[in-house]
Amino acid sequence: MSISREEVLYVANLARLRLSEEETERLSKDMSRILEYMELLNQVDTSDVEPLDHVIEVAQSFRKDEAQPPLDHEEALKNAPDADTDYFRVPRVIE
């Protein structure tokens, strides 16, 4: 399948692109080659191939959801720029 110059210009117009004559010709050839390759892939027999979510095996990398002891107040507030005895002190945002 061949992509014409007009089709390239139509797609470029949809994407709001301005193409030079050289770019139009190059894209026409490139897009034609892509479609030819897609046709080649369509000829491959995939009837015995199971569909995949990912090309590679993906394992869950999440940690177990286990309860941990809470931080004590001193540990939680030690890096706070401004803290009260039990709370973070922040600038007032509502007047």
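None of the figures in this text is laboratory data; all of them are computed from the coordinates on show. Worth saying up front: this structure is predicted, and the values here are computed from it rather than measured. With ideal geometry, Cβ positions are generated from the backbone for all residues, glycine too; neighbour counts draw on all protein chains shown.
Annotations
- Mean-position separation - Cα centroids, the stretch 62-95 and the stretch 1-36, in angstrom: 57 Å
- Note on the chain: with charges restricted to the Cβ of Lys and Arg (+1) and Asp and Glu (-1), its dipole about the Cα centre is near 460 debye.
- For the stretch 85-91, 3J(HN,Hα) computed residue by residue from phi via the Karplus equation (6.51, -1.76, 1.60; θ = phi - 60°) reads 4, 10, 9, 6, 9, 10, x Hz, glycine and proline entered as x.
- Degrees separating the helix 5-14 axis from the principal Cα axis of the chain, which is the longest one: 20 degrees
- Cut-off under 5 Å, modelled amide H: who pairs with Ala83 long-range: Arg89
- Stretching the chain fully between Arg5 and Tyr37 yields a gain of 9.6 nm (0.36 nm per residue, less the alpha carbon separation).
- Whole-Hz ³J(HN,Hα) from phi, Karplus 6.51 cos²θ - 1.76 cosθ + 1.60, for the stretch 18-30, glycine and proline x: 9, 10, 6, 4, 5, 5, 4, 5, 5, 5, 4, 5, 5
- With a Förster radius of 35 Å applied to the beta-carbon distance between Ala12 and Leu52, the computed FRET efficiency rounds to 0.55.
- Candidate values [x] 11, 17, 13, 18, 21, 18, 2; [y] 11, 17, 13, 13, 9, 9, 23, 6; [z] 11, 17, 13, 14, 11, 15, 19, 1, label of the one derived for P(r) over Cα pairs in 10 Å bins from 0, in percent: [z]
- Using a Förster distance of 30 Å, the FRET efficiency for Glu66-Phe88 (Cβ separation, nearest 0.05): 0.70
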